[in-house]
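Chemist: My structure is below; once you've seen it, I'll send some questions.
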Amino acid sequence: MKLTLRPNPFRQDKPITEFDQFAGRAEELITLIKALYQTGNGNPRHMIVTGPRGIGKSSFINQIESVVEESEKVLSILNIDAGEFDFAFAVFKYRALEGQSLHQIISSLLQKIPTKISKENVKDILGGFLKKWKPSISVAGGAFGVEYHSDSVSDMSADFVSAVRNLWNAIKNEVHGIIFIIDEVDTVAGDTNIASFLKVTTEELTESGFNNVAVFLVGITGAMEKLKEDHKSVARIFETVELLPLDEAESKDVIDKALSTTDVEVTSGAKDTIVRLSGGFPSPIHQLGYHAFDIDKDNLIDEDDLEKALDEVIGRIKREELSRLLSEAGSGDSRRITIAMANRDQVNVPLRDIGEAIGRKTNELSSYMTKLVSTDLINKVDRALYKINDPLLKLYIRKLDVLDPDLPYEDLESDDDGQN
(Lines give C-alpha, C1' and ligand atoms only; values in the text may rest on other atoms or scores of the structure.)
Protein backbone atom coordinates (compact mmCIF):
# COMPACT_ATOMS: atom_id res chain seq x y z
CA MET A 1 0.00 0.00 0.00
CA LYS A 2 1.32 3.41 -0.97
CA LEU A 3 2.11 5.72 1.95
CA THR A 4 0.24 8.99 1.64
CA LEU A 5 1.74 11.87 3.57
CA ARG A 6 -0.51 14.56 5.04
CA PRO A 7 -0.05 17.50 7.41
CA ASN A 8 -0.70 16.51 11.01
CA PRO A 9 -2.97 19.05 12.76
CA PHE A 10 -2.03 18.07 16.31
CA ARG A 11 0.76 20.06 18.00
CA GLN A 12 2.53 17.66 20.33
CA ASP A 13 5.64 19.81 20.65
CA LYS A 14 4.47 23.27 19.64
CA PRO A 15 2.21 25.75 21.48
CA ILE A 16 -0.98 26.87 19.77
CA THR A 17 -0.77 30.30 18.16
CA GLU A 18 -3.99 30.57 16.10
CA PHE A 19 -7.12 31.52 18.02
CA ASP A 20 -9.21 29.20 15.83
CA GLN A 21 -7.20 26.25 17.21
CA PHE A 22 -7.29 27.36 20.84
CA ALA A 23 -9.90 25.57 22.97
CA GLY A 24 -11.42 26.38 26.35
CA ARG A 25 -10.12 28.89 28.92
CA ALA A 26 -12.94 31.38 28.24
CA GLU A 27 -12.90 32.84 31.77
CA GLU A 28 -9.12 33.09 31.81
CA LEU A 29 -9.11 34.73 28.37
CA ILE A 30 -11.62 37.30 29.59
CA THR A 31 -9.32 38.07 32.55
CA LEU A 32 -6.41 38.52 30.13
CA ILE A 33 -8.45 40.77 27.84
CA LYS A 34 -9.56 42.89 30.79
CA ALA A 35 -5.91 43.35 31.78
CA LEU A 36 -5.02 44.44 28.24
CA TYR A 37 -7.96 46.82 28.11
CA GLN A 38 -7.10 48.48 31.41
CA THR A 39 -3.44 48.78 30.43
CA GLY A 40 -4.41 50.40 27.14
CA ASN A 41 -6.51 52.89 29.09
CA GLY A 42 -3.70 53.93 31.45
CA ASN A 43 -4.29 51.49 34.31
CA PRO A 44 -1.57 48.82 33.85
CA ARG A 45 -2.40 45.31 34.99
CA HIS A 46 0.60 43.01 35.37
CA MET A 47 -0.10 39.28 35.28
CA ILE A 48 1.55 35.91 35.96
CA VAL A 49 0.13 32.78 34.31
CA THR A 50 0.91 29.58 36.22
CA GLY A 51 0.14 25.88 36.06
CA PRO A 52 1.86 22.49 35.72
CA ARG A 53 3.78 21.52 32.60
CA GLY A 54 1.57 20.47 29.70
CA ILE A 55 -1.42 22.52 30.89
CA GLY A 56 -1.14 24.98 27.96
CA LYS A 57 0.44 28.10 29.49
CA SER A 58 2.43 29.07 26.40
CA SER A 59 -0.57 28.49 24.13
CA PHE A 60 -2.65 30.66 26.45
CA ILE A 61 -0.21 33.56 26.55
CA ASN A 62 0.10 33.37 22.74
CA GLN A 63 -3.52 34.50 22.59
CA ILE A 64 -2.41 38.01 23.52
CA GLU A 65 -1.20 38.28 19.93
CA SER A 66 -4.48 36.77 18.72
CA VAL A 67 -6.33 39.54 20.56
CA VAL A 68 -4.02 42.15 19.04
CA GLU A 69 -4.29 40.76 15.49
CA GLU A 70 -7.91 39.56 15.48
CA SER A 71 -9.60 41.55 18.23
CA GLU A 72 -12.97 41.82 16.48
CA LYS A 73 -13.29 38.05 16.03
CA VAL A 74 -11.98 37.20 19.51
CA LEU A 75 -14.27 39.69 21.24
CA SER A 76 -17.27 38.48 19.24
CA ILE A 77 -16.70 34.83 20.18
CA LEU A 78 -16.24 35.74 23.86
CA ASN A 79 -19.21 38.14 23.75
CA ILE A 80 -17.21 41.18 24.88
CA ASP A 81 -18.02 44.80 24.04
CA ALA A 82 -14.92 47.01 24.12
CA GLY A 83 -16.43 49.92 22.24
CA GLU A 84 -13.98 51.51 19.80
CA PHE A 85 -10.95 50.08 21.59
CA ASP A 86 -9.11 47.85 19.07
CA PHE A 87 -6.32 46.35 21.25
CA ALA A 88 -3.41 47.73 19.27
CA PHE A 89 -0.36 46.78 21.35
CA ALA A 90 3.32 46.36 20.67
CA VAL A 91 4.11 42.91 22.09
CA PHE A 92 7.65 41.79 22.95
CA LYS A 93 8.00 38.19 24.08
CA TYR A 94 11.00 36.25 25.36
CA ARG A 95 11.40 32.68 26.66
CA ALA A 96 13.91 32.54 29.52
CA LEU A 97 16.48 29.76 29.66
CA GLU A 98 17.86 28.03 32.74
CA GLY A 99 21.20 29.41 33.82
CA GLN A 100 20.74 32.84 32.28
CA SER A 101 21.77 35.94 34.18
CA LEU A 102 19.56 38.98 34.57
CA HIS A 103 21.83 40.81 32.13
CA GLN A 104 21.20 38.12 29.52
CA ILE A 105 17.45 38.20 30.04
CA ILE A 106 17.28 41.98 29.64
CA SER A 107 19.60 41.84 26.62
CA SER A 108 17.47 39.19 24.95
CA LEU A 109 14.23 41.04 25.63
CA LEU A 110 15.62 44.31 24.30
CA GLN A 111 16.88 42.61 21.17
CA LYS A 112 13.24 41.85 20.35
CA ILE A 113 12.59 45.56 19.94
CA PRO A 114 14.34 46.06 16.57
CA THR A 115 12.08 43.35 15.08
CA LYS A 116 9.15 45.67 15.70
CA ILE A 117 10.80 49.01 15.09
CA SER A 118 12.52 50.34 11.98
CA LYS A 119 16.32 50.20 11.90
CA GLU A 120 16.46 53.96 11.56
CA ASN A 121 15.19 54.65 15.07
CA VAL A 122 16.71 51.76 17.03
CA LYS A 123 19.55 53.97 18.31
CA ASP A 124 17.13 56.59 19.55
CA ILE A 125 14.98 53.98 21.28
CA LEU A 126 17.73 52.07 23.03
CA GLY A 127 19.46 55.27 24.03
CA GLY A 128 21.95 54.81 26.87
CA PHE A 129 21.71 51.05 26.60
CA LEU A 130 24.03 51.01 23.60
CA LYS A 131 26.93 52.29 25.69
CA LYS A 132 26.60 49.40 28.12
CA TRP A 133 26.52 46.54 25.65
CA LYS A 134 29.66 44.39 25.68
CA PRO A 135 30.88 41.50 23.51
CA SER A 136 29.93 38.04 24.78
CA ILE A 137 30.63 34.47 23.73
CA SER A 138 28.27 31.58 24.35
CA VAL A 139 30.16 28.84 26.18
CA ALA A 140 27.80 26.14 24.93
CA GLY A 141 27.51 27.14 21.31
CA GLY A 142 30.53 29.34 20.80
CA ALA A 143 28.35 32.05 19.29
CA PHE A 144 29.58 35.64 19.42
CA GLY A 145 27.21 38.44 20.34
CA VAL A 146 26.66 41.48 22.52
CA GLU A 147 25.12 41.64 25.96
CA TYR A 148 23.87 44.51 28.08
CA HIS A 149 25.77 45.04 31.36
CA SER A 150 25.15 47.31 34.31
CA ASP A 151 26.32 47.47 37.91
CA SER A 152 23.05 47.21 39.84
CA VAL A 153 19.38 46.33 39.60
CA SER A 154 18.44 49.99 40.04
CA ASP A 155 20.71 51.01 37.15
CA MET A 156 19.27 48.26 34.95
CA SER A 157 15.76 49.34 35.82
CA ALA A 158 16.52 53.01 35.08
CA ASP A 159 18.05 52.11 31.72
CA PHE A 160 15.14 49.84 30.85
CA VAL A 161 12.59 52.52 31.69
CA SER A 162 14.57 54.98 29.58
CA ALA A 163 14.40 52.56 26.64
CA VAL A 164 10.65 52.15 27.18
CA ARG A 165 10.26 55.92 27.22
CA ASN A 166 12.00 56.24 23.87
CA LEU A 167 10.06 53.31 22.45
CA TRP A 168 6.76 54.80 23.60
CA ASN A 169 7.58 58.18 22.09
CA ALA A 170 8.29 56.43 18.76
CA ILE A 171 5.07 54.40 18.59
CA LYS A 172 2.52 56.07 20.89
CA ASN A 173 0.46 57.34 17.97
CA GLU A 174 0.09 53.82 16.59
CA VAL A 175 -0.65 51.69 19.67
CA HIS A 176 -2.56 51.72 22.95
CA GLY A 177 0.32 50.29 24.92
CA ILE A 178 3.32 47.99 25.25
CA ILE A 179 3.31 44.43 26.57
CA PHE A 180 6.46 42.59 27.68
CA ILE A 181 6.13 38.81 28.11
CA ILE A 182 8.67 36.59 29.87
CA ASP A 183 7.86 32.89 29.44
CA GLU A 184 9.43 30.14 31.56
CA VAL A 185 10.20 32.69 34.27
CA ASP A 186 10.46 29.86 36.81
CA THR A 187 13.75 28.75 35.20
CA VAL A 188 15.43 31.98 36.32
CA ALA A 189 13.42 32.87 39.42
CA GLY A 190 15.03 32.79 42.82
CA ASP A 191 18.68 33.33 41.93
CA THR A 192 18.92 36.08 39.27
CA ASN A 193 17.40 39.15 40.99
CA ILE A 194 14.70 39.16 38.32
CA ALA A 195 11.98 39.68 40.94
CA SER A 196 13.77 42.75 42.29
CA PHE A 197 14.18 44.05 38.75
CA LEU A 198 10.47 43.54 38.02
CA LYS A 199 9.43 45.21 41.29
CA VAL A 200 11.66 48.25 40.77
CA THR A 201 10.90 48.55 37.06
CA THR A 202 7.10 48.39 37.33
CA GLU A 203 7.17 51.00 40.09
CA GLU A 204 9.54 53.21 38.08
CA LEU A 205 7.31 52.97 35.01
CA THR A 206 4.32 54.13 37.05
CA GLU A 207 6.25 56.93 38.74
CA SER A 208 7.54 58.08 35.34
CA GLY A 209 4.00 58.28 33.98
CA PHE A 210 4.20 55.30 31.64
CA ASN A 211 0.84 53.79 32.50
CA ASN A 212 0.32 51.95 29.22
CA VAL A 213 3.03 49.34 29.80
CA ALA A 214 2.44 45.93 31.37
CA VAL A 215 4.56 42.87 32.11
CA PHE A 216 3.16 39.34 31.72
CA LEU A 217 5.02 36.39 33.26
CA VAL A 218 4.52 32.69 32.55
CA GLY A 219 5.79 29.86 34.76
CA ILE A 220 5.00 26.50 36.30
CA THR A 221 3.07 26.18 39.54
CA GLY A 222 5.23 27.61 42.32
CA ALA A 223 6.93 30.20 40.11
CA MET A 224 5.66 33.07 42.25
CA GLU A 225 7.01 31.41 45.39
CA LYS A 226 10.43 31.25 43.75
CA LEU A 227 10.17 34.91 42.76
CA LYS A 228 9.25 35.82 46.34
CA GLU A 229 12.51 34.26 47.52
CA ASP A 230 14.19 37.17 45.74
CA HIS A 231 11.67 39.88 46.63
CA LYS A 232 8.77 39.15 48.98
CA SER A 233 6.51 41.96 47.81
CA VAL A 234 6.68 41.04 44.10
CA ALA A 235 3.45 39.04 44.50
CA ARG A 236 1.50 42.26 45.09
CA ILE A 237 2.38 43.46 41.60
CA PHE A 238 1.16 40.51 39.56
CA GLU A 239 -2.35 39.18 39.29
CA THR A 240 -2.20 35.37 39.21
CA VAL A 241 -4.08 33.39 36.57
CA GLU A 242 -3.81 29.69 37.34
CA LEU A 243 -4.61 27.32 34.50
CA LEU A 244 -6.42 24.22 35.72
CA PRO A 245 -7.17 21.00 33.78
CA LEU A 246 -9.74 21.35 31.01
CA ASP A 247 -13.19 19.90 31.58
CA GLU A 248 -14.57 17.14 29.35
CA ALA A 249 -16.25 19.47 26.86
CA GLU A 250 -13.13 21.64 26.54
CA SER A 251 -10.92 18.57 26.06
CA LYS A 252 -13.16 17.30 23.28
CA ASP A 253 -13.06 20.75 21.71
CA VAL A 254 -9.25 20.50 21.49
CA ILE A 255 -9.67 17.37 19.35
CA ASP A 256 -12.48 18.81 17.24
CA LYS A 257 -10.63 22.04 16.50
CA ALA A 258 -7.48 20.20 15.48
CA LEU A 259 -9.37 17.91 13.09
CA SER A 260 -11.53 20.73 11.72
CA THR A 261 -8.79 21.58 9.22
CA THR A 262 -8.72 18.02 7.84
CA ASP A 263 -11.03 15.40 6.32
CA VAL A 264 -10.35 13.03 9.21
CA GLU A 265 -13.01 12.20 11.79
CA VAL A 266 -12.80 10.45 15.17
CA THR A 267 -15.17 7.93 16.74
CA SER A 268 -16.90 8.91 19.96
CA GLY A 269 -15.22 5.99 21.73
CA ALA A 270 -11.74 7.04 20.68
CA LYS A 271 -12.46 10.64 21.60
CA ASP A 272 -13.75 9.66 25.04
CA THR A 273 -10.65 7.56 25.67
CA ILE A 274 -8.30 10.39 24.69
CA VAL A 275 -10.16 12.75 27.02
CA ARG A 276 -10.10 10.25 29.89
CA LEU A 277 -6.41 9.47 29.51
CA SER A 278 -5.35 13.12 29.17
CA GLY A 279 -6.73 14.17 32.55
CA GLY A 280 -7.65 17.59 31.17
CA PHE A 281 -4.11 18.38 29.98
CA PRO A 282 -3.86 19.67 26.38
CA SER A 283 -0.36 18.25 25.93
CA PRO A 284 -1.30 14.52 26.14
CA ILE A 285 -4.39 15.20 24.00
CA HIS A 286 -2.11 16.46 21.26
CA GLN A 287 0.42 13.67 21.82
CA LEU A 288 -2.17 10.92 21.47
CA GLY A 289 -3.97 12.75 18.68
CA TYR A 290 -0.75 13.23 16.73
CA HIS A 291 0.17 9.55 16.73
CA ALA A 292 -3.40 8.33 16.17
CA PHE A 293 -3.70 10.65 13.18
CA ASP A 294 -0.37 9.41 11.85
CA ILE A 295 -1.42 5.76 12.21
CA ASP A 296 -4.93 6.21 10.75
CA LYS A 297 -5.31 5.06 7.14
CA ASP A 298 -9.06 5.42 6.48
CA ASN A 299 -9.74 9.00 7.64
CA LEU A 300 -11.45 7.73 10.79
CA ILE A 301 -9.51 7.60 14.04
CA ASP A 302 -10.96 4.65 15.95
CA GLU A 303 -10.11 2.67 19.06
CA ASP A 304 -7.63 0.49 17.16
CA ASP A 305 -5.72 3.54 15.89
CA LEU A 306 -5.71 4.97 19.41
CA GLU A 307 -4.45 1.74 20.97
CA LYS A 308 -1.50 1.70 18.58
CA ALA A 309 -0.86 5.38 19.27
CA LEU A 310 -0.94 4.71 22.99
CA ASP A 311 1.65 1.96 22.62
CA GLU A 312 3.88 4.39 20.73
CA VAL A 313 3.53 7.19 23.27
CA ILE A 314 3.91 5.23 26.49
CA GLY A 315 6.29 2.62 25.07
CA ARG A 316 8.88 4.98 23.65
CA ILE A 317 8.33 8.65 24.45
CA LYS A 318 7.32 8.20 28.09
CA ARG A 319 10.01 5.60 28.72
CA GLU A 320 12.67 8.13 27.80
CA GLU A 321 11.01 10.86 29.84
CA LEU A 322 10.61 8.71 32.93
CA SER A 323 14.23 7.58 32.75
CA ARG A 324 15.35 11.22 32.74
CA LEU A 325 13.06 12.28 35.59
CA LEU A 326 13.98 9.36 37.84
CA SER A 327 17.66 9.95 37.15
CA GLU A 328 17.20 13.50 38.43
CA ALA A 329 15.21 12.36 41.47
CA GLY A 330 17.52 9.52 42.49
CA SER A 331 16.79 5.86 43.13
CA GLY A 332 15.49 3.85 46.07
CA ASP A 333 12.31 5.21 47.63
CA SER A 334 11.85 7.76 44.83
CA ARG A 335 11.00 4.86 42.54
CA ARG A 336 8.80 3.13 45.10
CA ILE A 337 6.90 6.36 45.68
CA THR A 338 6.35 6.75 41.94
CA ILE A 339 5.00 3.19 41.67
CA ALA A 340 2.71 3.65 44.68
CA MET A 341 1.24 6.86 43.26
CA ALA A 342 0.78 5.38 39.78
CA ASN A 343 -1.07 2.38 41.16
CA ARG A 344 -3.68 4.52 42.89
CA ASP A 345 -6.88 5.13 40.93
CA GLN A 346 -7.42 8.62 42.30
CA VAL A 347 -5.51 11.55 40.82
CA ASN A 348 -4.47 13.10 44.14
CA VAL A 349 -2.72 10.70 46.53
CA PRO A 350 -2.37 11.34 50.29
CA LEU A 351 1.13 11.01 51.69
CA ARG A 352 -0.20 8.57 54.29
CA ASP A 353 -1.32 6.18 51.52
CA ILE A 354 2.09 6.38 49.86
CA GLY A 355 3.83 5.56 53.12
CA GLU A 356 1.56 2.59 53.78
CA ALA A 357 2.11 1.26 50.25
CA ILE A 358 5.90 1.16 50.59
CA GLY A 359 6.14 0.45 54.30
CA ARG A 360 7.58 3.82 55.36
CA LYS A 361 6.47 6.44 57.88
CA THR A 362 5.37 9.76 56.42
CA ASN A 363 8.13 11.63 58.25
CA GLU A 364 10.65 9.48 56.37
CA LEU A 365 9.37 10.59 52.95
CA SER A 366 9.90 14.34 53.14
CA SER A 367 13.19 14.57 51.24
CA TYR A 368 12.00 12.16 48.57
CA MET A 369 8.81 14.13 47.94
CA THR A 370 10.80 17.37 47.75
CA LYS A 371 13.15 15.89 45.15
CA LEU A 372 10.32 14.42 43.07
CA VAL A 373 8.48 17.77 43.09
CA SER A 374 11.68 19.58 42.09
CA THR A 375 12.02 17.38 38.99
CA ASP A 376 8.39 18.16 38.06
CA LEU A 377 7.55 14.44 38.08
CA ILE A 378 4.95 15.02 40.79
CA ASN A 379 3.16 18.08 42.09
CA LYS A 380 2.14 19.06 45.61
CA VAL A 381 -1.62 19.66 45.43
CA ASP A 382 -2.12 20.50 49.09
CA ARG A 383 -0.61 19.71 52.49
CA ALA A 384 0.45 16.03 52.35
CA LEU A 385 -1.40 15.53 49.05
CA TYR A 386 0.42 14.82 45.77
CA LYS A 387 -0.23 13.86 42.15
CA ILE A 388 1.79 12.59 39.19
CA ASN A 389 1.88 15.52 36.78
CA ASP A 390 1.64 13.67 33.47
CA PRO A 391 -1.35 11.28 33.18
CA LEU A 392 0.33 9.38 30.33
CA LEU A 393 3.45 8.90 32.41
CA LYS A 394 1.26 7.46 35.15
CA LEU A 395 -0.34 5.11 32.66
CA TYR A 396 3.07 4.05 31.37
CA ILE A 397 4.21 3.08 34.86
CA ARG A 398 1.03 1.11 35.54
CA LYS A 399 0.75 -0.62 32.18
CA LEU A 400 4.34 -1.73 31.67
CA ASP A 401 5.40 -2.25 35.30
CA VAL A 402 8.62 -0.46 34.41
CA LEU A 403 9.99 0.02 37.93
CA ASP A 404 11.40 -2.68 40.18
CA PRO A 405 9.48 -2.55 43.49
CA ASP A 406 12.18 -4.55 45.29
CA LEU A 407 14.94 -1.97 45.01
CA PRO A 408 17.01 -1.57 48.22
CA TYR A 409 16.24 1.41 50.42
CA GLU A 410 18.22 4.57 49.88
CA ASP A 411 17.76 6.77 52.94
CA LEU A 412 17.84 10.53 52.63
CA GLU A 413 18.06 12.80 55.61
CA SER A 414 14.57 13.85 56.70
CA ASP A 415 14.33 17.39 58.02
CA ASP A 416 10.65 17.72 58.90
CA ASP A 417 7.47 15.76 59.55
CA GLY A 418 6.82 14.79 55.95
CA GLN A 419 4.20 17.49 55.47
CA ASN A 420 6.44 19.74 53.37
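The values are calculated or read from the model by the stated rules, or taken from the named source; none is laboratory data. Because the structure is a prediction, the values reported are computed rather than measured. Please note: Cβ atoms are built from the backbone with ideal geometry, for glycine as well, and neighbour counts cover all protein chains shown. Calculation scope for accessible area: heavy atoms of the full protein, side chains included, ligands and nucleic acids excluded. Shrake-Rupley method; radii C 1.70, N 1.55, O 1.52, S 1.80 Å.
Chemist: Here are some residues: GLU174, GLU207. Which one is under 17 Å from SER154 (Cα atoms), surrounded by fewer than 22 Cβ atoms within 10 Å (Cβ to Cβ) and either without any contact (Cβ under 8 Å) to a residue 12 or more places away in the chain or charged (D, E, K, R) (or both)?
Modeler: That would be GLU207, the only listed residue that is under 17 Å from SER154 (Cα atoms), surrounded by fewer than 22 Cβ atoms within 10 Å (Cβ to Cβ) and either without any contact (Cβ under 8 Å) to a residue 12 or more places away in the chain or charged (D, E, K, R) (or both).
Chemist: Tell me yes or no: at least one residue of segment 76-93 is open to solvent by 70 Å² or more (accessible area, probe 1.4 Å), assigned to a strand (DSSP E or B) and in contact (Cβ under 8 Å) with a residue 40 or more places away in the chain.
Modeler: no
Chemist: Right, something else. Report those helices (runs of 4 or more DSSP H) wholly inside segment 306-420 carrying at least 2 residues which are out of contact with any Asp or Glu (no Cβ under 8 Å at 6 or more places or on another chain), at pLDDT below 75 and polar (S, T, N, Q).
Modeler: Those helices (runs of 4 or more DSSP H) span 318-329.
Chemist: Among the numbered criteria (1) of a type in the set (D, E, K, R); (2) assigned to a loop (DSSP other than H, G, I, E, B); (3) crowded, with 20+ Cβ neighbours inside 10 Å, which one does ASP191 miss?
Modeler: Here ASP191 meets the rest and fails (3).
Chemist: Can you tell me which of THR201, THR273 is crowded, with 21+ Cβ neighbours inside 10 Å, hydroxyl-bearing (Ser, Thr, Tyr) and part of a helix (DSSP H, G or I)?
Modeler: THR201
Chemist: Taking the criterion of being outside any helix (DSSP H, G or I), surrounded by fewer than 20 Cβ atoms within 10 Å (Cβ to Cβ) and small (Gly, Ala, Ser), would at least one residue in segment 33-42 satisfy it?
Modeler: yes
Chemist: Same structure again: Of a type outside the set (Ser, Thr, Tyr), in contact with a Gly (Cβ under 6 Å, 6 or more places away or on another chain), surrounded by 20 or more Cβ atoms within 10 Å (Cβ to Cβ) and at negative phi: which single residue out of VAL185, VAL218 fits that description?
Modeler: Going through VAL185, VAL218 in turn, the sole match is VAL185.
Chemist: For segment 4-29, how many residues meet the condition of being among the hydrophobic types (A, V, I, L, M, F, W, C) and farther than 19 Å from GLU265 by Cα?
Modeler: Going through segment 4-29 one residue at a time, the tally reaches 4.
Chemist: In contact with a Lys or Arg (Cβ under 9 Å, 6 or more places away or on another chain) and charged (D, E, K, R): is that true of ARG276 in this structure?
Modeler: no
Chemist: Scan segment 19-46 for residues that are in contact (Cβ under 8 Å) with a residue 12 or more places away in the chain and of a type in the set (S, T, N, Q) and jot them down.
Modeler: GLN21, THR31, THR39, ASN41, ASN43
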